[in-house]
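For reference, the structure is listed below as structure tokens.
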Amino acid sequence: FTEALDRARQRLAWPIPAASWDTAGTAPQRADRLVVRAAGRVLLVPVADIRWIEGCGDYARLHTGGRPLLLRRTLQELVGMLDPGRFARVNRSAIVNLDRVAELEPCARGEFLLHLGDDHVKLTRTYRQELEARLGQSL
């Protein structure tokens, strides 16, 4: 056990090879569709069809206008996969497709209600500044 522990310590002390670093400086690849398993089938959901995404623990519920689809990914994982120019986190448990936002209705305490067709999602004060930066205007 001691020998194995010493070998592990030595390997952890080794420098990471430069070849494994992302030196190109390219932006990460963004998903253009998500793979969702539903009712024994595998669906390919185009990201452009998603109105908003609701966090449900280790799952995310995709709202596309039809029935919601459950995806086994966290909101944090999806934030890294989706184009930040199109999608924005608007509260602790929701991401919206900015192309689908039709109206922002002011609410109490500096919050807004985002209208996405038949769906309504709250923009909280915590995420308001980030959305203002993406829209290029203050709300």
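The values are calculated or read from the model by the stated rules, or taken from the named source; none is laboratory data. Worth saying up front: this structure is predicted, and the values here are computed from it rather than measured. No Cβ is skipped: glycine too gets one built from the backbone with ideal geometry, and neighbour counts run over all protein chains shown. Ligands, DNA and RNA are stripped out before the accessible areas are found, and what is left, the full protein with its side chains, is counted by its heavy atoms. Shrake-Rupley method; radii C 1.70, N 1.55, O 1.52, S 1.80 Å.
Quick notes
- Only listed residue being within 17 Å of residue 36 (Cα to Cα), surrounded by fewer than 14 Cβ atoms within 10 Å (Cβ to Cβ) and touching a strand residue (DSSP E or B) at 6+ places or on another chain (Cβ under 8 Å), chosen from 51, 67, 72: 72
- Every condition in (1) under 17 Å from the mean Cα position of the chain (by Cα); (2) farther than 19 Å from residue 61 by Cβ holds for residue 103 except the one numbered (1).
- Flag if residue 102 is within 22 Å of residue 64 (Cβ to Cβ) and at pLDDT 95 or above: no
- Number of residues in the stretch 80-139 that are among the aliphatic types (A, V, I, L, M) and not in a strand (DSSP E or B) equals 10.
- Residue satisfying all of: in the stretch 76-90; in contact with a Lys or Arg (Cβ under 9 Å, 6 or more places away or on another chain) and crowded, with 19+ Cβ neighbours inside 10 Å; nearest to residue 124 (Cα to Cα) among these: 90
- Unmet requirement for residue 10, which otherwise passes all of (1) at pLDDT below 85; (2) part of a strand (DSSP E or B): (2)
- When residue 97 is tested against the conditions (1) open to solvent by 80 Å² or more (accessible area, probe 1.4 Å); (2) under 20 Å from residue 47 (Cα atoms); (3) not hydrophobic (A, V, I, L, M, F, W, C), the lone failure is (1).
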